[in-house]
Every structure is written in structure tokens, then in C-alpha cells.
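The values are calculated or read from the model by the stated rules, or taken from the named source; none is laboratory data. Just so you know, these numbers come straight off a predicted model, no measurement behind them. Counting neighbours? That spans all protein chains shown, and the Cβs are built from the backbone with ideal geometry, glycine included.
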């Protein structure tokens, strides 16, 4: 039976699952839309994996993304890591010399500054989602074009329009305004790409020293229009790795591989998880005026996890303290 | 006179016992909660900084419990805090509450008024009474800070860090049941005793992080989403650049020269920032360098959204970070702060520091 490490990245917009061998070669990758139901999507993803390549031996599991704790509860992970570290690990594995990683996902964007193979600084978008995947998705829909054609369309532009990219709401109204003025789709698409890159560099990349080689990853890296806009704005080359869309999951798998060097048995709960029925219940604790919303995940009668409480009254009932960090 | 005051970390513990000892009726606000913030957000201006919103919540909750007099320290530094008492008084008036404000303004704003306020609050007839009372207050503040500090240290070293949380949560519950300085001191001593009995790891050198930035967000755990606890559970030793003790030493005890520590920080900040920029902006820059020189692994700057002095400091910190090769992360806090994104950043910052340590150790 083939042996693999599994990497899972449960993000706000997409859930990615990859299988990687000991040589860190990716054998399977799948990109699903999370659609707000991470548990079903996780089960579906693993089901899909079994159907495509059959049951394999899982040597270790790494989980990352905003749903990493949930993924850990459902699948059983050997390591649970934040997405900034996971992306940096995957980027460094792709090219050990990189000094900057630009990562733009569904709802957040990050910059990771690396010197001599170590992360020295990072930032995430804080206030505004302009410049992330969901925003682009929406604007493409408004322009009536498929998101996968967006980039190539932008490349055809001869004189891009200038769109206010500071805020998602203003960018949208400004774009509609430019449409009404009669500008063609190419120029508007290119204008949006430029606006997003400007927004990214002044919000997320503010005050950071961006040096080559630069890696561009995350779902938005598929958009060649944005890549081009970055290259123009920075006047530097931007590299998009082959597995740009699943770099977080690859990073998680690499971290799992490292973790398993000092461990005997993986925490992976096996492919039986497909047949299990999970019930999620939310309730409001009335213990104090914080009124925490506590989430409880059950498998039949067994409580797998509880989290969401500030004081630990509910989460500590499980006896697993690690979840409290969530 | 039923006295209340806003929350700021453990200050209420000392203040409650202190004023009770002096014979005042004290109604401390309930501990900060989401409800406090909700009230504050509803009645304060949207763009004002977060501490004011919390304070409005505190006042309303205290007034509902019967308080009729609000005690507040003033400031005439170039930061919005100097305007807090006026603004808060007006907001409460607009809401229809009739309460009295006692504002302890710095001495530069007039000796007589301060003297009158202090004499009244301290139930004092002469300067001897005032000094006598101040001594008790000072002991309480120092001890309350000592407990906070001890709990942070124990949490980092503890075999089971949640044991520390249990002791502290119990302490906070008991505080409400005590009366006066003597009972409070007893409770504090027994808490210290319990904390000292927590089993700790041997041969363990934790990551050391300095918390720097705006005083309220550094000191008040509800506002900074219990950062001290979160870091403690990760095995990180936290030291705060500002505590009530440090504040009193600088502004009251060493008046008018300022404490040694704060003067050192001003001196350290000089190559980057020559003058005060309001609030604790200058001290933040100095503190970052102070912790870098003391061999800490990194610093986290905390500030409420749109805090001007800290924004100035924030734009200087990247240079400090570069010159001293000292990781610094900034966390901006307001009522919209999402806890998940916040955790991701903290975890990533700790990974960064751990990897840095490893490479330094390997040569």
C-alpha cells in the first residue's frame, strides 16, 4: 500500500486536501469550496480521495487554515499549525532562497518576509477585504465574466482605468461608475487588478522590505492579471509555484512529516470517519454576562469537543486543553 | 457618597480595599464583559478609542448597582485621555444619569482643587492622614501587581498551566466578598501561597515577550483578549512595560522627576524619537529597546484602533526591530477584533521566534 502524509487546509472559502510522499512530492490535490459547512466538505473531500486512489496508508496528518482546530477534531491531526507558518514552510520547500511570500486567499491576504530561510516578519490584512479572492469573485460576476478569464482579459488592456481600491465598497461603486462611462471590460479588469495590488502593497505590505525572489501563492495567484500588476508595481519578477493553490496544505503535510520523526503513531482517525455522524450544537452559556456562544461537536453520544467559552468552563470538561487555544 | 471607578486590570482590587478602609462606600463595576462593551459601544461616539467605550459601560453598570460618584484620574497630555472626564460626564448626562465626577487632575492643573478632592476622598483632615492612607494604597497596588506578575510567571513554567487559571479565577471571585484592606491582604497572601505551590517544569527556559504599547490595552485583560493568559498557556513568559505600579512610581512617587525606569526608556528612545508624542508613544519606543537589550525574544505592541501616540510609535518600531534584530508585532484592538485572526498572528509570531532561537542556537 502506498504511504502518504496528508495536509489539510480548511479556509473560509476553500478546503484543500493533499497527499504527499516521503520525498515531498504531491500525489493528490483537491480544492473544494468550504461553503460554510466545513465538516461535510471534509468528509466529502476524504471520500473523494478514497474513490480516486483507494485506501492508502496515512503516515501523518497536518491541519492548517482558519478551520484547523475543527479539522483536527474530525480527522485527527498530528500537528495543527497557523496558516502563516504553513505557507512559509511550503514556500521555502519550493524554493529555499525566497525572501518574500505574497499570499492572497479567499478572505485574507498575507505577506511573509523571509531572510536566510527564516521568517523574520509577516502581516495580515486587518480591516478591509478589498484585494482578496471573494472581492474579485464578486466583481467578476458584476462584470459578467468568469473568474478564470479575468486575468487574461486584464492582460488585453491598453489603457487601464484607475479605480479607487482603498475600500471594497468604494472600489465597487467606482467600478460601476467607470462601467457607466463606457470603458471596455479589459481596461476595467486591468484597473481592478492594479487597484487591488495598490491596496495590498499599502495595507498589508506597508513598511515591509519586499525583496526578490518573490513567491505569489493562494487562490488569487491563478489570476495572471494580478501577477502582472504586482510585477509592474514592484518592478520585480514574481514566481507562481505549480501548486500555488494548495501551498497551505502542503506546508501542513511537511510539518506533519517533521512531527512524525519523533512520534510513533499518527493521530489520524482512519477512513472510518466517513461513516460517522457528527452533530454540531451551539448554545449560549448563561454563567456570566459574557454570554459566550459555545459550540459542541458530538459523535453519537460522545462529546468530541467544546469551544467558544472564555473561561474554560465547558471546554475543560473534555479534558483536552489544547482546544482552548482556538 | 457611593463611589465607583472604571476598570483597568487589577486596579479595582487595590482601589476597592483602599477606599473601604478609608470608610467610603465603594461599588466597583462588575468585571468587564461583552455586556460592558455593548453598553459602551451603544452610547459612546463610534470613532472614540476603545477604553472610553469600556469605561462608559463600567459607569452604567455601576450606577445600576447604586453608585452616585465616579472617580477618575485626569491627564493634560496630548492624548484624548485628557478629555475623557469631560466627554464621559456629558455622555452620562445625555443618558439621563445624575452623578458626580471627581477628577484627580495632575498637580499642574491647580493644587487647590487636587488637594480638596484628595482630602475628601481620603476622609483626611490633614496631610498626615493623607500620607498614612496613601501608604496603605501603595501596598495594595504593589501586591495586586505582584500577584498578576506571579501568575504570569507561574503559567509559563507550570506543568499544568490551567491550574494557575483556576487559582486566579477563584481569587477574582473572592475579591468581591472581602471588605477592607486587612481582608484583602489576607486573600492576597493566601493566593500567593497557592500560586507558589503550583508544580513547575525544571530546566525550562521559556520564550520571553515584552508587552508594550498603550497603557489601557496592556493592562486590561478583557480588552487585549486575555493575551497574558494565551501566551502563558503557550509557555511564554510575559512582562508588561506598564503596570499600575510602574505608573504610580513614575507619576506620583517620583514626582516631579519621574521614575528611573521611565527616564531610562526616554533616553533609549532618543535616537528614534526626541520628544513626547502624547500618551505613552515615547515610552513604547523606549520599552521596545529596553526589552531588546534585556535579551527578550520579542515584543508585542498593543493599541486601540486610532490611538494617535501609538500609531507614531508603530511607524518607528520597524526601525528598532531592524537595528536590534528584535521581532516586534503590532496588534490593533477595537470592539470588532476577531479572536481567530488574532490567535493566528500570535501563533505565527511564536513560530517565528522559536525558529529564530533554533538558528541562533545552531550557529
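Here are a few things to note about the model shown:
Each row is one residue, and each column tells you yes or no for (1) closer than 24 Å to residue A:293 by Cβ; (2) crowded, with 18+ Cβ neighbours inside 10 Å; (3) at pLDDT below 90.
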residue	(1), (2), (3)
B:26	no, yes, no
B:34	yes, no, yes
B:38	yes, no, no
B:65	no, no, no
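- Pairing each residue of the range A:119-138 that is within 12 Å of chain B (Cβ to nearest Cβ) with any residue that is at pLDDT 80 or above and surrounded by fewer than 18 Cβ atoms within 10 Å (Cβ to Cβ), provided the two are 6+ apart or on different chains, yields C-beta distances under 7 Å for A:119/B:355; A:121/A:208; A:123/A:208.
- The requirement of being surrounded by fewer than 16 Cβ atoms within 10 Å (Cβ to Cβ) and at pLDDT 85 or above is fulfilled somewhere in the range A:190-209, by at least one residue.
- Taking the range A:31-52 as the range and being under 23 Å from residue A:105 (Cα atoms) and touching a residue at least 60 places away in the same chain (Cβ under 8 Å) as the test, the residues that pass are A:31, A:39, A:43, A:46.
- Residue in the range B:95-104 that is under 25 Å from the mean Cα position of the chain (by Cα), within 30 Å of residue B:277 (Cβ to Cβ) and free of Cβ contacts under 8 Å to residues at least 12 places away in the same chain present: no
- Filter pass, residue B:353 being without any contact (Cβ under 8 Å) to a residue 60 or more places away in the chain and either more than 9 Å from chain A (Cβ to nearest Cβ) or not in a helix (DSSP H, G or I) (or both): no
- Meets criteria (surrounded by fewer than 23 Cβ atoms within 10 Å (Cβ to Cβ), within 10 Å of another protein chain (Cβ to nearest Cβ) and outside any strand (DSSP E or B)) for residue B:274: no
- Considering the range B:166-261, the qualifying helices (runs of 4 or more DSSP H), each wholly inside and each with 3 or more residues that are within 14 Å of chain A (Cβ to nearest Cβ), run over B:227-233.
- Only one entry in B:275, B:284, B:245 is touching a strand residue (DSSP E or B) at 6+ places or on another chain (Cβ under 6 Å) and either at pLDDT 90 or above or farther than 14 Å from residue B:317 by Cβ (or both), namely B:284.
- Neighbours by Cβ (under 9 Å, 6+ apart or cross-chain): first from the range A:2-27, on the phi > 0 side of the Ramachandran plot; second outside any loop (DSSP other than H, G, I, E, B): A:24/A:5; A:24/A:93; A:24/A:250; A:24/A:253; A:24/A:254; A:24/A:257
- So residue A:102, is it farther than 28 Å from residue A:295 by Cβ, away from chain B (no Cβ under 12 Å) and part of a strand (DSSP E or B): yes
- Top-ranked residue in the range A:293-326 [being within 14 Å of chain B (Cβ to nearest Cβ) and at pLDDT 80 or above; ranked as nearest to the chain's Cα centre (by Cα)]: A:295
- Scanning the range B:309-342 for residues that are at pLDDT 85 or above, facing chain A (nearest Cβ under 8 Å) and not in a strand (DSSP E or B) gives B:315, B:318, B:321, B:327.
- Residue in the range B:3-22 that is in contact (Cβ under 8 Å) with a residue 24 or more places away in the chain and within 14 Å of chain A (Cβ to nearest Cβ) present: yes
- Residue that is nearest to the chain's Cα centre (by Cα), among those in the range A:53-67 that are in contact (Cβ under 8 Å) with a residue 60 or more places away in the chain and within 14 Å of another protein chain (Cβ to nearest Cβ): A:65
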